[in-house]
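Every read-out reported here was derived from the displayed coordinates using simple, explicitly stated rules and does not represent laboratory data. Since the structure is predicted, the reported quantities are computational estimates derived from the model, not experimental observations. No Cβ is skipped: glycine too gets one built from the backbone with ideal geometry, and neighbour counts run over all protein chains shown.
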Ligand SMILES: Nc1ncnc2c1ncn2[C@@H]1O[C@H](COP(=O)(O)OP(=O)(O)OP(=O)(O)O)[C@@H](O)[C@H]1O
Ligand SMILES: [Mg+2]
């Protein structure tokens, strides 16, 4: 089994959308998958409440206030093959421990402006400290989200992410998720884009999931 944490310092970069869409992808492949909603804003718990019963099941567990995230993940690891942790926008003590225990951390990043990039750098510095303090390798990958290929600023920020790859222990996943209304539309109905009528969104989620799968060679029970 494997645990994948989806985390960032920044709010609104797509942690919940990515957790949901990847979980839906693996549910369609008959993987026993769940999402642990570690964010008090409960986005993924709400999403799940709209999910039609007749679709591939994606169980969602919300971590109660003062709940022990690691304990919850440990107990779920007996039942599920794959667990996504949808984190709040912070690297707090509790989420840090989850990150340290995860097989993989995915950090969604927006390339829409300086704020995104500075927050990402701060996050990477925290990650380095955490690696040292917890003596854990913490494999971490960026995924570019809400990308607009025809916007020069987005292209320019890709170069900065490339510099981060050279200066920190982090890699950039090859698949970018473009800015598409399909993500919000599917989300509103408790769906993933795989279950929505948008070929390009479907295709990029499949590519992203396949890429992530190669990073988790031992996840099937
Ligand atoms: N690729 C995309 N294209 C268009 N809209 C997107 C995309 N990804 C996310 N969104 C939209 O951006 C908003 C924020 O996404 P999401 O809730 O997943 O971010 P988050 O990082 O989980 O935020 P928070 O830190 O507040 O939990 C949502 O309205 C979502 O529908
Ligand atoms: Mg969220």
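Some points to look at:
- The number of residues in region 67-114 being part of a helix (DSSP H, G or I), touching a strand residue (DSSP E or B) at 6+ places or on another chain (Cβ under 8 Å), within 16 Å of ligand 1 (Cβ to nearest atom) and touching a residue at least 40 places away in the same chain (Cβ under 8 Å) comes to 3.
- Test: residue in region 4-18 that is more than 13 Å from ligand 1 (Cβ to nearest atom), in contact (Cβ under 8 Å) with a residue 24 or more places away in the chain and surrounded by fewer than 22 Cβ atoms within 10 Å (Cβ to Cβ): no
- Residue check for residue 111: more than 21 Å from residue 213 (Cβ to Cβ) and out of contact with any helix residue (DSSP H, G or I) (no Cβ under 7 Å at 6 or more places or on another chain): no
- Residues in region 23-42 that are in contact with a strand residue (DSSP E or B) (Cβ under 8 Å, 6 or more places away or on another chain) and within 22 Å of residue 120 (Cα to Cα): 37, 38, 39.
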